[in-house]
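**Q** There's a structure below that I have some questions on.
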Amino acid sequence: MPKYMSIELAKRGVSCVAELLEKDAPRTCAAVWEALPQSGDIHHAKYARNEVYTMVPHFAEVEPGLENPTVTPIPGDVVYFAFPGGMLDRDFKEEKGIDHLPGVIDLAIFYGRNNLLLNGDVGWVPGNVYATIVEGLPLMAEACHDVWRSGSIGERLIYRRHAG
C-alpha cells in the first residue's frame, strides 16, 4: 500500500499530497517516513529556479546515500539532499540559522519547470527524488511562487504523514 505525505506552507494555508516512491528510493523513503513530522523555515532557491525547501538536522541513523538521483527535477518532485558540515559556506549557514549544526538535510519541493541543480561553488548537486506530488500541485505552485515574489519571512514548510 502506498504511503503519502502532506506538505504544507503554514502561513499561506496551502498544502499538497505527495506519494512516496518506495520502489525507486526505498532507503530515503524509510528515513524520511520514520522521521516525520519535519518542519522549518522555508527558503526559495536562488540557483535551482522553482524550488522551495527547509533545512533540518540529520535524522537518519544511516545516511541513505544516492538513490533515484536527479540534477534536473521536474514539477512535483520531492527531493532529499544531505549536506555534510563542510559542504555549505559559512555565510550561507549563518544566513539560514544552521551554522551550529554539523550538517543538514534539505527537504525540497519543485513546483515548476526548467530546474537545474548546479551550484557555482561546488558544481552539480544531485538529490534523491523520493516522492511525487499527486494532489494540489497547481495551488502549491502558486503559493511557492508567492514565496519568491512576496518573501519567506514567517513561512514554514511542514512535512507530515498523510492518512490518505
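**Q** Considering amide H positions built from the backbone, and no H for Pro or chain starts, which residues 5 or more places from residue 76, or on another chain, come under 5 Å of its amide H?
**A** Excluding prolines and chain starts, which carry no amide H, the hits are 110, 111, 112.
**Q** Spin-label point model (7 Å from Cα, Cβ direction): what's the residue 161 to residue 62 distance in nm?
**A** Using points 7 Å along Cα→Cβ, the separation is 2.2 nm.
**Q** Ignoring ligands, DNA and RNA, what percent of the 1.4 Å accessible area of the chain is carbon and sulfur?
**A** Whole-percent figure for carbon plus sulfur exposure: 52.
**Q** Top mean-square fluctuation among 100, 58, 43, Gaussian network model of the chain, C-alpha springs under 10 Å?
**A** Its mean-square fluctuation being the largest, the pick is 100.
**Q** Heavy-atom accessible area per residue, the chain, 1.4 Å probe: how many Å²?
**A** 52
**Q** What does the charge dipole of the chain about its Cα centre add up to, to the nearest 20 debye, if the Cβ of each Lys and Arg holds +1 and the Cβ of each Asp and Glu holds -1?
**A** 300
**Q** Assuming 1.567 mPa s and 4 °C, estimate D for the chain with Stokes-Einstein, Rh taken as the Kirkwood radius over Cα pairs, in µm²/s. Can you show the working numbers first?
**A** Working: Rh = 15.7 Å.
The calculation lands on 83 µm²/s.
**Q** What does the charge count around residue 38 come to, taking other residues whose C-beta lies under 14 Å from its C-beta (Lys +1, Arg +1, Asp -1, Glu -1)? Before the final figure, lay out each step's value.
**A** On the way: positive: 156, 160, 161; negative: 8, 34, 41, 106.
Result for the local shell: -1.
**Q** Right, another one. Using a 1.4 Å probe on the protein heavy atoms only, what accessible surface does residue 39 show? Give it in Å² to the nearest 10.
**A** Per-residue accessible area (residue 39): approximately 50 Å².
**Q** Which one, 21, 53, 37, is farthest towards the positive end of the dipole of region 3-66 when Lys and Arg carry +1 and Asp and Glu -1 on their Cβ?
**A** Going by the Cα projections, it comes out as 53.
**Q** Arrange the residues 146, 106 by how much accessible surface each exposes, largest first, with a 1.4 angstrom probe.
**A** Largest to smallest exposure gives the sequence 146, 106.
**Q** Right, another one. Would you list 55, 1, 140 from the most to the least accessible area, probe 1.4 Å?
**A** 1, 55, 140
The values are calculated or read from the model by the stated rules, or taken from the named source; none is laboratory data. What you see is a predicted model, and the numbers here were worked out from it, not measured in a lab. Positions of Cβ are backbone-derived with ideal geometry, glycine not excepted, and every protein chain shown enters the neighbour counts. With ligands, DNA and RNA removed, areas are computed over all heavy atoms of the protein, side chains included. Shrake-Rupley method; radii C 1.70, N 1.55, O 1.52, S 1.80 Å.
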